[in-house]
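The values are calculated or read from the model by the stated rules, or taken from the named source; none is laboratory data. These numbers come from a predicted model, not from an experiment. A quick note on method: Cβ atoms are made from the backbone with ideal geometry, for glycine too, and the neighbour counts reach across all protein chains shown.
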Amino acid sequence: MIANSAFEDIIGQDRAITLLQQAIALDRVAPAYLFVGASGVGRSLVAHQFAQLLLTQNLSTEKKSLAAKKLGHGNHPDFRLLEPTFSDRGELVTASQAIAKDLKRKTPPKIRIEQIRQLIEFINRPPLEAERLVVVIEDAQTMAEAPANALLKTLEEPGKATLILIAPSTESLLSTIVSRCQPIPFQRLSQQNLQQILENTGNEEILKHPELLKLAQGSPGEAIAAWAQLQAISPDLLKKLTQIPRNHLAALVLAKTITQELDLTTQLWLVDYLQYCYWQQHQNPLMMKQWEDARRYLLSYVQPRLVWETTLSSLVK
């Protein structure tokens, strides 16, 4: 098919790639797609490669190469990438920008109404170099009701544009948005494919940590992200946390240390990691519920230190 070479480095997502190849080969590209599946399994990579194919359709070889370079540098005039953002003194900042600026993040990032308004302005103009505009919306499930509703009209009348929404499941979005998109399913990878990708990307060290592979559940991206999170936590703190606190005072000290040293994203990952560790050690369903509650409270914007104090104290025998 036309798009074979574009996806040759994608491993384990044959069904998704076949559907996209057929859309281009038959000239039946949908106005909107919904790439659904776990994070870190290739959704974003495929979205960008599909976007490149759409932006270079019917161009000469020389112009295709130039368009690909522009897209790679993030300055193609007919492409937009929307990522969840933090609000920092009135400025919208992506997760990578927040890390670069060393910003203290107290809440998870999200797609905001301002971003959707800018997207609508972008889509209302004609393409400058390609035959269509292309938009990729990462973590579309982070849209609250207002931006989601604002996006609906654009999905109904996208004009000369193709939108690609990326989300973990159809249930994570409004049904009205899902109904206006063609779903493209992405699956978790086999252990063999997971190992191959980690080796190909120079992340063999992760293979020495079976707990990270278990947590990743067939997602190379999640395995790599988990490794990065693990490096962000001091070995001494991690050792203390994987054991039941000796007493309530020790639990309170640990809670204080966690909230002083780790941002919310790392704290949320740590909850999942500790839930896995505690299950391996104790096989206690009550403890699992306590960790589930901790995650829920952190996501509900309860004061993190209070969440950790309550959770760790509840583990003390």
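When the stretch 299-313 is filtered for residues that are surrounded by 15 or more Cβ atoms within 10 Å (Cβ to Cβ) and either closer than 19 Å to Ile244 by Cβ or β-branched (Val, Ile, Thr) (or both), the ones remaining, listed by number, are Val307, Trp308, Glu309, Thr310, Thr311, Leu312, Ser313. Inspection of the stretch 63-78 finds no residue satisfying the criterion of being over 26 Å from Ala51 (Cα atoms), of a type in the set (A, V, I, L, M, F, W, C) and surrounded by fewer than 16 Cβ atoms within 10 Å (Cβ to Cβ). Checked against (1) without any contact (Cβ under 8 Å) to a residue 40 or more places away in the chain; (2) surrounded by 14 or more Cβ atoms within 10 Å (Cβ to Cβ), Asp263 passes all but a single condition, namely (1).
Looking only at residues of the stretch 142-162 that are assigned to a helix (DSSP H, G or I) and of a type in the set (D, E, K, R), we find that the one that is modelled with the highest pLDDT is Glu145. Out of Ile164, Ile120, Ile137, Ile116, one residue alone is in contact with a Phe, Trp or Tyr (Cβ under 7 Å, 6 or more places away or on another chain), more than 30 Å from Val307 (Cα to Cα), in the same structural domain as Ala16 (by TED's automatic domain parsing) and of a type in the set (A, V, I, L, M, F, W, C). It is Ile164. Any residue that is of a type in the set (Gly, Ala, Ser) and closer than 23 Å to Glu157 by Cβ - is there at least one of those in the stretch 40-47? Yes; the residues of the stretch 40-47 include at least one that is of a type in the set (Gly, Ala, Ser) and closer than 23 Å to Glu157 by Cβ. If you take the residues in the stretch 86-122 that are in contact with a helix residue (DSSP H, G or I) (Cβ under 6 Å, 6 or more places away or on another chain) and of a type in the set (Val, Ile, Thr), which one is farthest from Asn75 (Cα to Cα)? If we take residues in the stretch 86-122 being in contact with a helix residue (DSSP H, G or I) (Cβ under 6 Å, 6 or more places away or on another chain) and of a type in the set (Val, Ile, Thr), then Ile113 is farthest from Asn75 (Cα to Cα).
Summed over the stretch 93-141, residues that are in a strand (DSSP E or B) and farther than 21 Å from Leu173 by Cβ total 2. The set of residues in the stretch 116-137 that are touching a strand residue (DSSP E or B) at 6+ places or on another chain (Cβ under 7 Å) and crowded, with 21+ Cβ neighbours inside 10 Å comprises Leu119, Leu133, Val134, Val135, Val136, Ile137. Taking Arg105 as meeting all but one of (1) on the phi > 0 side of the Ramachandran plot; (2) in contact with a strand residue (DSSP E or B) (Cβ under 9 Å, 6 or more places away or on another chain); (3) in contact (Cβ under 8 Å) with a residue 40 or more places away in the chain, write down the number of the exception. Among (1) on the phi > 0 side of the Ramachandran plot; (2) in contact with a strand residue (DSSP E or B) (Cβ under 9 Å, 6 or more places away or on another chain); (3) in contact (Cβ under 8 Å) with a residue 40 or more places away in the chain, Arg105 violates only (1). Scanning the stretch 58-86 for residues that are in a strand (DSSP E or B) and modelled with pLDDT under 85 yields a count of 0. Mind telling me which of the residues Ala51, Ala67, Ala38 ends up being of a type in the set (A, V, I, L, M), over 15 Å from Ile184 (Cβ atoms) and not assigned by TED's automatic domain parsing to the domain that holds Ala228? Answer to the selection: Ala67.
Is at least one residue of the stretch 31-39 on the phi < 0 side of the Ramachandran plot, surrounded by fewer than 16 Cβ atoms within 10 Å (Cβ to Cβ) and either part of a loop (DSSP other than H, G, I, E, B) or touching a residue at least 60 places away in the same chain (Cβ under 8 Å) (or both)? No, the stretch 31-39 has no match at all.
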